[in-house]
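This report refers to the structure that appears directly beneath it.
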Amino acid sequence: MEILPAQEEHLPALADLAAIIWRQHYPGIISPAQIEYMLGKMYSLDVLRDEIRHREIHFYRLIDDDRFIGFASIGPTEVPSTFKLHKLYLLPECHGRGYGWRLLNHCERGAVRLGARRLILAVNKQNSKAIAAYQRNGFTIAESVVNDIGQGYVMDDYVMAKELSVS
């Protein structure tokens, strides 16, 4: 298993993997129509390129036996020393093997190297598996938010946070 930076040339594969993961994981949490809307809104190549080029978002690819099985991204927020974990996704058949923990830990270390002392993330309130995984890894629920994302859809999320160790 290795975690490698994702560059622009990796974005088409990343978008394809996101579509596979979202369509397997999110039914029952959000509607199929919202899944497709959010995939289009968050994983178009233009959006992903903009995140790398202009928003200082760092993407990472999780590779196991030459197979691309997951990815994550982190970036700065408007709050000094606070970074956001924007994305962390793993193929469902790879859950429970420690891959998610390794990818999260890599992101935490990367955020610290970039100057972060706190890491935040947003997770759907109905995504109980992800909430439990983040809590096992030291995150706590900091607030509850509902954000309108257009076309009648909202993101009904918890914002979770973790203070990062500098050592």
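The values are calculated or read from the model by the stated rules, or taken from the named source; none is laboratory data. No experiment lies behind these values; they were computed from the predicted model shown. Because the Cβ atoms are built from the backbone with ideal geometry, glycine has one as well, and the counts that use them run over all protein chains shown.
Here are some notes:
- Residue 86 over 11 Å from residue 3 (Cα atoms), modelled with pLDDT of 95 or more and outside any loop (DSSP other than H, G, I, E, B): yes
- Subset of region 89-133 that is over 19 Å from residue 38 (Cβ atoms) and in contact with a helix residue (DSSP H, G or I) (Cβ under 7 Å, 6 or more places away or on another chain) - its residue that is modelled with the highest pLDDT: 119
- Test: residue 149 is part of a strand (DSSP E or B), within 27 Å of residue 68 (Cα to Cα) and touching a residue at least 12 places away in the same chain (Cβ under 8 Å): no
- Checking 33, 15 one by one, the residue that is outside any strand (DSSP E or B) and buried (at least 16 other Cβ atoms within 10 Å of the Cβ) is 15 and no other.
- Against the numbered list (1) modelled with pLDDT under 95; (2) outside any loop (DSSP other than H, G, I, E, B), residue 80 comes up short only at (2).
- Any chance residue 154 is out of contact with any Gly (no Cβ under 8 Å at 6 or more places or on another chain), surrounded by fewer than 13 Cβ atoms within 10 Å (Cβ to Cβ), at pLDDT 95 or above and assigned to a strand (DSSP E or B): no
- Enumeration of residues in region 61-112 that are surrounded by 21 or more Cβ atoms within 10 Å (Cβ to Cβ) and small (Gly, Ala, Ser): 70, 72, 73, 100, 111
- For region 120-132, the criterion of being in a strand (DSSP E or B), touching a residue at least 60 places away in the same chain (Cβ under 8 Å) and in contact with a Gly (Cβ under 6 Å, 6 or more places away or on another chain) is met by no residue.
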